[in-house]
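So the structure is just underneath, and the comments pick up after that.
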Amino acid sequence: MLIEVGALCVSLSVLRWFLTRKKHANIPHLLPEVPLKEDGPFYVVKGLIEGQNLPMYSYPVLDTFFGLFKINLHVINDPVKSKEVFSKSEAVGGHSEMYGWWHILVEYRQIVKGRKAETMSLDHFAVLRGHERGDAKGTKIAKLCRKRLMELAAKKKNEPKWIAKVDSQIPWLVEQFKKEGENGTKPIDTFSLTMPAAMTVVMDFAMDIDLSKHSDYRDRICKYANCALESIVKLDKKKLIFMSIPSWLRKLIPLKYWPEWVAYLQGLYDDILDLQDMHNESWKVGDEATSLLAILQTDHAQGKMEEWDVVNTMQQLTMTAADTTAGAVSGIMISLARFPKVQEKLYKILEVQDFRADEFKDCHFLQAVIYECYRYFPAIYRSLAHSITEKTEIMGETFEKDELICFGIAACNLNEKYFKDPFKFQPERFLNENGEFSKSPYLQPFNTGKRSCPGLILADIEVFHFTKHLIKHFEFKLHKDHPMPVVETEEGWLNFWSRKCHDTPKHHHLQPKERKFLLVPRLN
Ligand code: HEM
C-alpha cells in the first residue's frame with residue numbers, strides 16, 4: 001500500500017513538474033511583488049521598466065490550479081527588435097487566445113436563436129481572424145477587412161469628412177463638460193464623455209450613421225464596448241473553464257450558469273444588426289460604397305468574405321476604436337492639466353493662428369504634445385497578445401504554436417536608451433531643428449507590423465482635432481481634492497499610476513490613480 005501511495009505521489013509530482021516546467025529558461029520572468037490575483041498593469045509596467053536592459057521578458061497572465069493551468073505572455077522590450085519581429089515573422093499573426101470568447105457568444109446566440117444566428121459560424125472573426133499559413137482563406141479575409149479599413153481612412157479626399165465628424169461632436173462635448181463640471185467648478189472624469197464622442201465618430205466612419213441622432217444606441221453601444229473589452233481581456237477562472245469545455249458539453253449547461261456577459265453582449269450584436277438595417281435603407285449592393293460597411297457588404301456579395309465577417313468587423317470597431325481614442329484624448333487633457341506651462345504654450349500657439357489647423361503640419365507643436373502624451377501617458381501599455389501560429393524562432397528562442405508574444409509599449413517609452421530624460425515631459429523632443437514634428441522610430445503606440453493598429457490614420461486625425469478644439473474651449477486644471485503628483489523622476493512617474501489589479505474596471509489599460517480634474521471654460 002505504502003509503495004502504491006509513494007508511486008502515486010511521485011507520478012503526480014512528475015506530472016506537475018512537466019506541466020509547470022519553464023519552457024524558456026533564457027527568458028527572464030518578471031517577478032511581481034504582489035500575488036498574481038492582485039496584480040495589475042502597474043506591476044507589469046514597473047517590472048518591465050526595471051528590466052529594461054533585457055530585450056525580452058515574460059510574465060504569467062494566468063497561474064491557477066496550483067500551477068497546472070499557466071499562461072505566460074512573452075514581452076519584447078526592445079522597439080527595434082519588436083518592429084522587426086512583428087513586421088517580418090510569418091508566425092506572430094494569430095489571435096487564437098481570444099477566439100474562445102467569440103465562440104461562447106456565437107454558441108449562446110445559436111441556442112437562444114438570436115437574430116441571424118443561423119448564419120453565424122465559429123470562425124468568422126473578421127478583422128481579428130488569425131494570419132496563419134495553415135488557414136489561407138481566413139488569412140485572406142482578415143487581411144482584406146484590414147486593408148479596406150486602412151484604405152478608407154487613408155483616402156486623402158476623405159480627410160475633411162473625418163475632420164467634420166470630429167468637429168460635429170464639439171458643441172455636444174463642450175456642453176456636457178460644462179454641465180457635468182458645473183461650469184469649471186467640479187472636477188470630472190472626462191472619459192465617460194469622450195467615449196461616446198469617439199464612438200459617434202467611428203460609427204459614422206464605419207456605417208455612415210450619425211449616432212448623436214440615435215443617442216440610445218450610442219450610449220448602449222458604449223456600455224457594451226466596455227463590457228466586451230473587460231470580459232475579453234479578463235482571465236477569470238469561470239471564463240477560462242467555460243472556454244475550455246468542449247462545445248458539445250457546454251451546450252448542455254443551463255444558460256443561467258453561463259458567464260453573465262455572454263447574454264448581455266447579445267445586445268451589441270442586435271444593435272449592430274439594427275444599425276446595419278438602418279444603413280441599408282438608403283444603400284444597396286451596386287450603389288457607390290462610401291462607408292466601411294458598404295465596402296464590406298460589397299465584398300461579401302462578391303463572395304470575398306462571409307456575412308458575419310462584416311458584422312464582426314463592426315463589432316470589433318466598437319471594441320477597438322472608441323475606448324482607445326477616448327482614452328488618448330482624456331489622457332492628453334490630464335497631462336496638460338499636470339503640465340500647465342506646456343498647456344499655456346500650446347494654447348498661445350493655437351490662439352495666434354485662431355485655432356485654425358486643418359492638417360498636422362499646421363501645428364507641429366500640437367502633434368508633438370500628442371506624441372509626448374502617447375509616450376508619457378502610455379495607457380495602452382502593451383500591444384495585444386499575438387498567438388504564435390507555428391513553431392518558430394524569435395530573438396534566438398524557439399516558440400511553439402499558441403504561445404503568446406507582444407510588444408511592451410510603455411517600458412520602451414520610458415527607456416533612456418531611446419528617449420533622453422525619459423521621466424521628463426518634453427513635447428519638444430518630437431520637434432526637429434526647424435520646429436517641425438518629427439516622429440521617433442522607437443515610439444510605437446500603435447505597434448508596428450502586420451497586425452499593428454489599422455485605425456492609426458483615423459486615430460491621429462481624431463486626437464489632433466479633438467485636442468485642438470477642447471483646448472480652445474477649456475483650461476484644464478488640477479483640483480486639490482484629486483491630487484495628481486507631478487514629479488518628473490522614475491519614482492514620481494510610477495507614483496502617478498493606479499496599483500489596482502486587472503479585474504478592476506478599466507484596468508485592461510494602465511490607469512492613473514486619479515482621473516478627475518477641472519475643465520474651466522475659456523469662452524462664454
Ligand atoms: C489613439 C487611438 C488608438 C490607439 C493608441 C490604438 C492602439 C492599438 C494597438 C496598440 C493595437 C494592438 C496592435 C498589435 O497588437 O500589434 C491596436 C489594434 C487594433 N486597433 Fe487600434 N488604436 C487606436 C485607435 C483605433 C481606431 C480609431 C481604430 C479603428 C478605426 C482601431 C482599430 C484597431 C483594430 C481593428 C485593431 C486590431 C488589429 C489586429 O489585430 O489585426 N484602433 N490598436
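The values are calculated or read from the model by the stated rules, or taken from the named source; none is laboratory data. Keep in mind it's a predicted model, so treat the numbers as computed, not measured. With ideal geometry, Cβ positions are generated from the backbone for all residues, glycine too; neighbour counts draw on all protein chains shown. The area values use the complete protein model at the heavy-atom level, side chains included, leaving out ligands, DNA and RNA. Shrake-Rupley method; radii C 1.70, N 1.55, O 1.52, S 1.80 Å.
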| message | Among (1) outside any loop (DSSP other than H, G, I, E, B); (2) over 30 Å from TRP283 (Cβ atoms); (3) modelled with pLDDT under 95, there is one condition LEU193 misses while meeting the rest; what is its number? | response | (3)
| said: Could you list, ordered by first residue, the pairs with Cβ atoms under 7 Å in which the first is in the stretch 270-294 and within 15 Å of LEU152 (Cβ to Cβ) and modelled with pLDDT of 95 or more and the second is among the basic types (Lys, Arg) and part of a helix (DSSP H, G or I), at least 6 apart or interchain? | reply: LEU292/ARG148
| query | Taking the stretch 80-132, which residues are more than 11 Å from the ligand (Cβ to nearest atom) and among the hydrophobic types (A, V, I, L, M, F, W, C)? | reply | VAL80, ALA91, TRP101, TRP102, ILE104, LEU105, VAL106, ILE111, VAL112, ALA117, MET120, LEU122
| field | Selection from the stretch 434-454 of residues that are more than 6 Å from the ligand (Cβ to nearest atom), under 20 Å from the mean Cα position of the chain (by Cα) and not β-branched (Val, Ile, Thr) | value | TYR442, LEU443, GLN444, GLY449, LYS450
| remark: Note on the stretch 245-266: residues in a helix (DSSP H, G or I) and in contact (Cβ under 8 Å) with a residue 40 or more places away in the chain are SER247, ARG250, LEU255, VAL262, ALA263, TYR264, GLN266
| For LYS147, which of the numbered conditions (1) within 20 Å of the chain's Cα centre (by Cα); (2) over 24 Å from GLN302 (Cα atoms) fails to hold? | (2)
| Residue ID - surrounded by the most Cβ atoms within 10 Å (Cβ to Cβ), chosen from residues in the stretch 54-78 that are touching a residue at least 40 places away in the same chain (Cβ under 8 Å) and in a loop (DSSP other than H, G, I, E, B) | ASP78
| message | Among the residues that make up the stretch 460-471, is at least one of them closer than 30 Å to SER291 by Cβ, away from the ligand (no atom under 16 Å from the Cβ) and open to solvent by 30 Å² or more (accessible area, probe 1.4 Å)? | response | yes
| Considering the stretch 34-50 alone, what residues qualify as being open to solvent by less than 40 Å² (accessible area, probe 1.4 Å) and of a type in the set (Asp, Glu)? | ASP39
| note | Per the list (1) part of a loop (DSSP other than H, G, I, E, B); (2) under 30 Å from PHE355 (Cβ atoms), residue check on LYS506 breaks on (2)
| task | Give the number of residues within the stretch 112-144 that are within 16 Å of ALA91 (Cα to Cα), open to solvent by 40 Å² or more (accessible area, probe 1.4 Å) and part of a helix (DSSP H, G or I). | result | 3
